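Structure first, commentary second.
The values are calculated or read from the model by the stated rules, or taken from the named source; none is laboratory data. Keep in mind the model is a prediction, meaning the values are calculated, not measured. Because the Cβ atoms are built from the backbone with ideal geometry, glycine has one as well, and the counts that use them run over all protein chains shown. Surface areas here come from the heavy atoms of the whole protein model, side chains and all, with no ligands, DNA or RNA. Shrake-Rupley method; radii C 1.70, N 1.55, O 1.52, S 1.80 Å.
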Amino acid sequence: MDHADILSEKLRSKSAQVAVVGLGYVGLSLAVGLGKAGIRILGIDVDVERVGLLSNGTSYIGDITDGDIRWLLAEGLLSASATFEGTGQVDAIVICVPTPLRKSKEPDISSIVSAVDSIAPTLRKGQLVVLESTTYPGTTEEVLQSRFEGLGFTLGRDLFLAFSPERVDPGNRTFTSANIPKVVGGVTATCTALAAALYSIVTSKVHRVSNPRVAETAKLLENTFRSVNIALANELALACRAIDVDPWEVIDAAATKPFGFMPFYPGPGTGGHCIPLDPLYLSWRVRMNGFEPRFIALADEINRSMPRHVVTTISDALNERGQCLRDAQVLVLGVTYKRDVNDVRESPALEIIKILIEKGVRISYSDPFTPQLDLGDQKIASTPLTADLLGTSDCVVVVTDHSSFDYPLIARAARLVVDVRNALRVIPDHREHIVTL
Ligand SMILES: NC(=O)c1ccc[n+]([C@@H]2O[C@H](COP(=O)([O-])OP(=O)(O)OC[C@H]3O[C@@H](n4cnc5c(N)ncnc54)[C@H](O)[C@@H]3O)[C@@H](O)[C@H]2O)c1
């Protein structure tokens, strides 16, 4: 049997051991999924605190319970490590490290490079390496393949390499890793087949593409599609304001068309680790080849202008009531980047709060998912949402529409609500003091 046959048989019989490098939202979810399917997982993270928590049976990711971790530990299916010592023994290595943007908005793939540096010394014949981190087209071939070939491996024969983007939607109970199809593109057909065999253990459908660049670009298209359509909805909201039409009613009417339309809604801007970042990975890469994509830049500009637009809406609403923004008491409801998750990364709420503070506003916030908010130069704590708090605030701003908020109470007790998600749409009363985008 050759290396591919041996690995294929190990994956089929689930006797393969897999290292997951980077145990965040993506990596820990994959590690738990594979572990529950009976695969032995070596979880590696440079964050010693995270490794300590996992080793003690504690999850730090909302969608994963302590019970899941404890069960995997007890069954001997998971071990967590802050070093790369064990990677030489495993059969497959999946890299799920962060890929942020630099301040200059250029891709920062330093964590990928560092992870590759760490696995390279113990890489051995017969292993499969899969990159899952979202990145610009060409990364798998230019950064990983060339490095591995430089070590003397022949990809597709004695070492296998593929890219497979993660599509997890935190907080989504309908679509999970188990039923979201996985796109896989290997540097050779054998690499694709082996990576597909790995993912078939945890997902019902694997879609194979001809090379890693297609898989890398597909991921960026998915998030560019969302960014552009959210920007369109945001622009529609501003346009509708000019003609006194309710944009949400327009979108709901258009959404009754059973084909050719998909509803996206206006809001305070995009957040999270994907939509505000990923399209810029694509534009950066194609710009290097002389092509300037315009949709991506325009969508980015519109979405990033929304926090300032929210502040203008608050200021205008206060002004109409004879109040000014400076010294106003503003209560922000919801600071995470989307409903019912505990993630504040890139959340537009942070930008809104920052601008409000700069303008001399007295800020408080309430968010059941975020007990404390780190604003860089200061930390503020979440306040319990009470009728008293609502009634004493000059303006209440619904930035993130968590399902646990008591919207009838908000409508009843607040003096002025700026509802940028239209979360109070179903409440017919008190409309005179509710303002939308
Ligand atoms: N969060 C999502 O919903 C989501 C969805 C799809 C794709 N992605 C992509 O998946 C990748 C990972 O995202 P995430 O949200 O899981 O990130 P995360 O920040 O939650 O977790 C990444 C983990 O990697 C660790 N890490 C950093 N450098 C490392 C290294 N050199 N070696 C080992 N560990 C290292 C960090 O300590 C952290 O625990 C990113 O490219 C992201 O764009 C994320």
Only one of Asp327, Asp429, Asp377, Asp394 is at pLDDT 95 or above, surrounded by fewer than 16 Cβ atoms within 10 Å (Cβ to Cβ) and over 19 Å from Gly269 (Cβ atoms); which? Asp327
Across (1) more than 16 Å from the ligand (Cβ to nearest atom); (2) at negative phi, Gly260 clears everything bar (2)
Residue list for the stretch 138-176, restricted to those being touching a Leu at 6+ places or on another chain (Cβ under 7 Å) and open to solvent by 10 Å² or more (accessible area, probe 1.4 Å): Gln145, Glu149, Leu151, Phe153, Leu155
Near pairs, Cβ below 6 angstrom, 6+ apart or cross-chain, from the stretch 29-55 (open to solvent by 10 Å² or more (accessible area, probe 1.4 Å)) to any residue that is of a type in the set (Lys, Arg): Gly38/Lys14
Matching residues, the stretch 309-324, being open to solvent by 20 Å² or more (accessible area, probe 1.4 Å) and under 28 Å from Pro371 (Cα atoms): His309, Thr312, Ser315
Looking at the stretch 292-308, which of the residues that are under 23 Å from Leu238 (Cα atoms) and of a type in the set (D, E, K, R) is least open to solvent (accessible area, probe 1.4 Å)? Asp300
If I ask for residues that are without any contact (Cβ under 8 Å) to a residue 60 or more places away in the chain and open to solvent by less than 20 Å² (accessible area, probe 1.4 Å), which ones from the stretch 224-244 would you list? Ala233, Cys240
Out of all the residues in the stretch 13-22, is one or more farther than 20 Å from Ser118 by Cα, hydroxyl-bearing (Ser, Thr, Tyr) and surrounded by 20 or more Cβ atoms within 10 Å (Cβ to Cβ)? no
Would you be able to say whether some residue in the stretch 195-213 is on the phi > 0 side of the Ramachandran plot and within 16 Å of the ligand (Cβ to nearest atom)? no
Answer yes if at least one residue in the stretch 264-279 is in a helix (DSSP H, G or I), of a type in the set (Val, Ile, Thr) and either touching a residue at least 24 places away in the same chain (Cβ under 8 Å) or open to solvent by less than 50 Å² (accessible area, probe 1.4 Å) (or both), and no otherwise. no
Are any of the residues in the stretch 280-291 in contact with a Gly (Cβ under 8 Å, 6 or more places away or on another chain) and either open to solvent by less than 50 Å² (accessible area, probe 1.4 Å) or among the charged types (D, E, K, R) (or both)? yes
Counted residues, the stretch 90-122 - those being under 25 Å from Asp300 (Cβ atoms) and either out of contact with any strand residue (DSSP E or B) (no Cβ under 7 Å at 6 or more places or on another chain) or open to solvent by 60 Å² or more (accessible area, probe 1.4 Å) (or both): 10
Of the candidates Thr370, Thr400, the one satisfying the condition of being closer than 29 Å to Val26 by Cα, free of Cβ contacts under 8 Å to residues at least 40 places away in the same chain and buried (at least 18 other Cβ atoms within 10 Å of the Cβ) is Thr370
Given the conditions (1) part of a loop (DSSP other than H, G, I, E, B); (2) more than 28 Å from Leu155 (Cβ to Cβ); (3) open to solvent by 40 Å² or more (accessible area, probe 1.4 Å); (4) not small (Gly, Ala, Ser), which single one is not true for Lys125? (2)
Can you name every one of the helices (runs of 4 or more DSSP H) wholly within the stretch 17-107 that holds 1 or more residues which are of a type outside the set (D, E, K, R), closer than 30 Å to Ala4 by Cα and more than 14 Å from the ligand (Cβ to nearest atom)? 25-36, 66-74
So which residues in the stretch 189-205 are part of a loop (DSSP other than H, G, I, E, B), within 18 Å of Ile39 (Cα to Cα), of a type outside the set (A, V, I, L, M) and open to solvent by 20 Å² or more (accessible area, probe 1.4 Å)? Ser204
Going through Thr134, Thr174 one at a time, which residue ends up being in a loop (DSSP other than H, G, I, E, B), modelled with pLDDT of 95 or more and either within 16 Å of the ligand (Cβ to nearest atom) or in contact with a helix residue (DSSP H, G or I) (Cβ under 9 Å, 6 or more places away or on another chain) (or both)? Thr134
Based on this model, can you work out whether Phe163 counts as away from the ligand (no atom under 15 Å from the Cβ) and either of a type outside the set (Lys, Arg) or under 23 Å from Ala31 (Cα atoms) (or both)? no
If you go through the stretch 125-140 one residue at a time, do you hit one that is without any contact (Cβ under 8 Å) to a residue 12 or more places away in the chain, out of contact with any strand residue (DSSP E or B) (no Cβ under 6 Å at 6 or more places or on another chain) and polar (S, T, N, Q)? no
Tell me whether the stretch 177-188 contains one or more residues that are open to solvent by 40 Å² or more (accessible area, probe 1.4 Å), part of a loop (DSSP other than H, G, I, E, B) and within 12 Å of the ligand (Cβ to nearest atom). yes
